[in-house]
Structures are given as structure tokens and as C-alpha cells.
Amino acid sequence: MPNCTNCPRNCKNNSYCGKDFEKIRVAKVMRHIYEEPIICPKNQGSGAIFFSNCSLKCVFCQNYQLSHFGVGRDISVNELAEIFKLLEISGVANINLVTPTHYLDKILQALNLYKPKIPIVWNTSGYESPENIKKLKGFVDVFLFDGKYFSKDLAGRYSKATNYFENFLASIIEAKRIVPENVIIDGVLKKGIIVRHLVLPGCYMDSIEIFKHIKKAVGCDVFVSIMSQYVPMFKAKDYPEINRRLSPLEYKKVTREVIRLGFDKGYIQDFDSQSESYTPVFSDKKFFEI
Ligand code: SF4
């Protein structure tokens, strides 16, 4: 079994993420219209490729069918390059690689076969190593990092990844070296960094720490997307402290502080976003929805 370094777990086997070392598994290819508007113009959408399996596997994952159960189709590197072409021809604004980290080596092979002329978005859980982010130079244009946890305790409890934040922060610093400035053309982000954060119930202080450290590390010239849409799903019922929705007050505390810190580009959500309606349908019959 090869030693894998695609994520900070540096495993000798695939027992955590569940991927097959020889193949890429994809759950869905779609024209996505619910990503952050700056990468998702309504008339084009974003060309999302949802990779199956996951190196983080949060207990509350809303896409647990693919992240935890690995639902999807096995494809080759050549087929992935063909999917890039199909999406590009369809007129989407970018190629949006959703949860790509564990397939880093294969995705780089596919991008070496065919590099689309539209931007490539690395849409990651944030569980990355800076060494791997460095490899994306020249291939990836927009880094969309989920910033999940600051505290080791939370990262350990919900994702078995106590080394999450140190790797996340070092990876953002590396991404900032690759794309030092945001490039926006006709209202669409062509190059830059977005940090997305889902506020968890009872964890607003942790949320605020994430943004304080980002500011210290790379400043406030990144887009932020602060989400209120947490719904207890999958194994969240086994963790009573997160087996509820977020309160408006918790969300307000986070958004108010992030704005006060100086992050002035990005998105906050309406509270009625707390529904499952933004979750794509993953089934083999709906594999291609371009
Ligand atoms: S990508 Fe999977 S196999 Fe590779 S280091 Fe991460 S968890 Fe381990």
C-alpha cells in the first residue's frame, strides 16, 4: 500500500478517507447555481464536480452519502480530463472541484492532460497541507477554503483531526502567495481566496477565533462567506451539544465580529437558509446535470 500525503493525515492506507488509490470516484457533475455569487453568476453557474469520499468526514456532514459512504462512479484520469472539457464547453463560469483534497495527485494528472481556459476552483474542507497547496500553483485560480474549526478539541471530536487549524492556516498563507490579489472581471472572481465558515451551535467563540487568526496571517483582503444554515444531520444526533439549529443571536455575534475585524467583502446568510434545500441530489441517474 503506498504512503499517501494528499492530506495532513499522511496515511499508509485508505482506512480513513475510504478512497481507492487507483481510481477517482465522483458522485456528481453539475451546473451549480447555489455557490457563492462571486464564483457563480446566475446565467452561467459553476461547473461543480463532487468527489466521493473525504479526508475530513465531519460527523454532521450534509453530504454524508458521498463523504462517509463513498457513493459515486469510478472514473479514470482521462475521463476526468474529458469532464473538464465538457463543463468548459457547456459555458459554466469555472470548474469547481468540490472536496478534491484526497484525489490531489490524480487531479493534477488530469489537469496536466487538459487545463481548461476558465478558472479552476479548489473547493476544499480546509484540511490541507501547505506543501500540497504549493503544488497547485499554475493550476488553481480560486481557493475556496472551508474554515471548520479553530480548537483542537472540536476538530478532534467532530472530524478526528486535531491538527486541522495549524494546517488550514499554513495552507491559506501558501494560497495567498499563489494568488496574492483578487482578480474580479464583470463581477466574477477569476483569481483569489474565499473563506467559507459554517457556524456550529455553541461554537461562536471558535468561529471568531478562526477569523482573528486569518486576519493576523494574511489580512482581510479575502472574501468571506459566513453560513447560518447548519442543520443537525447524519451523526449529529450522537453529539447533543450540536443536535440543534443555530440561534440568530449566535450567528449575529459571529457576523458582527467578523465585520468589526475588517472583513468587508463577502456574504452573510438570511436565517431562512437553515434548510436542506441547498443540498444537491446524489443518485446515479442524476450523475450529469449540466
Ligand atoms: S487522502 Fe486519505 S489516504 Fe491520503 S492521507 Fe488523507 S486520509 Fe489518508
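The values are calculated or read from the model by the stated rules, or taken from the named source; none is laboratory data. Quantities reported herein were computed from a predicted structural model and do not represent experimental measurements. Reconstructed Cβ throughout: ideal geometry from the backbone, glycine too, with neighbour counts over all protein chains shown. Just the protein is used for accessible areas: all its heavy atoms, side chains included, with ligands, DNA and RNA removed. Shrake-Rupley method; radii C 1.70, N 1.55, O 1.52, S 1.80 Å.
So the values come out like this:
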item: Test: residue 57 is open to solvent by less than 20 Å² (accessible area, probe 1.4 Å) and in a loop (DSSP other than H, G, I, E, B); result: no
item: Any hit, the stretch 97-118, residues being within 21 Å of residue 288 (Cβ to Cβ), within 16 Å of the ligand (Cβ to nearest atom) and assigned to a loop (DSSP other than H, G, I, E, B); result: yes
item: Residues (in contact with a His (Cβ under 6 Å, 6 or more places away or on another chain) and either in a loop (DSSP other than H, G, I, E, B) or near the ligand (Cβ under 9 Å from one of its atoms) (or both)) located in the stretch 8-52; result: 17, 19, 45
item: Test: residue in the stretch 60-82 that is more than 16 Å from the chain's Cα centre (by Cα), more than 16 Å from the ligand (Cβ to nearest atom), open to solvent by less than 40 Å² (accessible area, probe 1.4 Å) and of a type outside the set (Val, Ile, Thr); result: yes
item: Checking residue 158 against (1) assigned to a helix (DSSP H, G or I); (2) in contact with a Cys (Cβ under 9 Å, 6 or more places away or on another chain); (3) open to solvent by 30 Å² or more (accessible area, probe 1.4 Å), the condition it does not meet; result: (3)
item: Lone qualifier among 265, 252 - being open to solvent by 10 Å² or more (accessible area, probe 1.4 Å), out of contact with any Lys or Arg (no Cβ under 9 Å at 6 or more places or on another chain) and within 30 Å of residue 117 (Cβ to Cβ); result: 265
item: Conditions (1) open to solvent by 20 Å² or more (accessible area, probe 1.4 Å); (2) part of a helix (DSSP H, G or I); (3) of a type outside the set (S, T, N, Q): number failed by residue 175; result: (1)
